[in-house]
1. Among [x] 19.1; [y] 18.6; [z] 17.3, which is the computed Kirkwood radius over Cα pairs in Å?
2. On a 0 to 90° scale, report how tilted helix 186-199 is relative to the longest principal axis of the chain, with both axes built from alpha carbons and the result rounded to the nearest 10.
3. Note down the nm distance, to one decimal, between modelled labels 7 Å out along Cα→Cβ at residue 113 and at residue 68.
4. Under 13 Å from a point 7 Å along the Cα-to-Cβ line of residue 22: which residues of the range 86-121 have their amide N that close?
5. Between residue 12 and residue 214, what FRET efficiency comes out of the Förster formula 1/(1 + (r/R0)^6) with R0 = 30 Å and r the beta carbon distance, rounded to 0.05?
6. Label point 7 Å out from residue 106 along Cα-to-Cβ: which residues of the range 137-161 have amide N under 20 Å?
7. Tell me, what is the percent relative contact order of the chain, built from C-alpha pairs under 8 Å that lie six or more residues apart?
8. Could you sort 200-208, 4-12 so that the peptide with the highest average Cβ count within 10 Å comes first and the rest follow in order?
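No lab work stands behind these numbers, since they all come straight from the coordinates. Since the structure is predicted, the reported quantities are computational estimates derived from the model, not experimental observations. No Cβ is skipped: glycine too gets one built from the backbone with ideal geometry, and neighbour counts run over all protein chains shown.
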């Protein structure tokens, strides 16, 4: 497993912090692209199911124990050329350099099954038996060629795992695009075109990223907790 430097470490898990992960992501993606035959790179997002309930029922100290346990299970399951990060409070990101999406999927299934067997000691001698997680996987080049697209596809796969009942891993797929009537000013469109060109991505990718940010801002993704 790729080790972070001291300034990049999340103290609770020993993994990369979110910002450090996002800085390393382009480097690994460039490495995958640079091979004569492009090397696969898979991105996995893992989220603890009902983590807010665990904190409420057992306390934040127990919640920290659950996060530490998940990080230990992840570390035991992944191999070399893998970058692990605590991406959010109870969300983890894993980059597998050289692994196809199906291989990454099997590793996440291994992690999910291992967590289901865990027993976490809580306060007042209570025990949490079995921890449920959900996950989503997206891979370069089949699911996308940029960090933005891979993150979006993995996040969508994670979301589908949540709404389908949680406690499962889903692979990314090409979602059906729905036409919508939109009204933008000429200035907005001109600025969007320049921004997309300067970052080397499509205008459609930028608009989808903005939509995801908007949904997150107003709590539409709270179902993922």
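1. [y]
2. 60 degrees
3. 2.7 nm
4. Label zone hits: 87-88.
5. 0.50
6. 137-143
7. 21 percent
8. 200-208, 4-12
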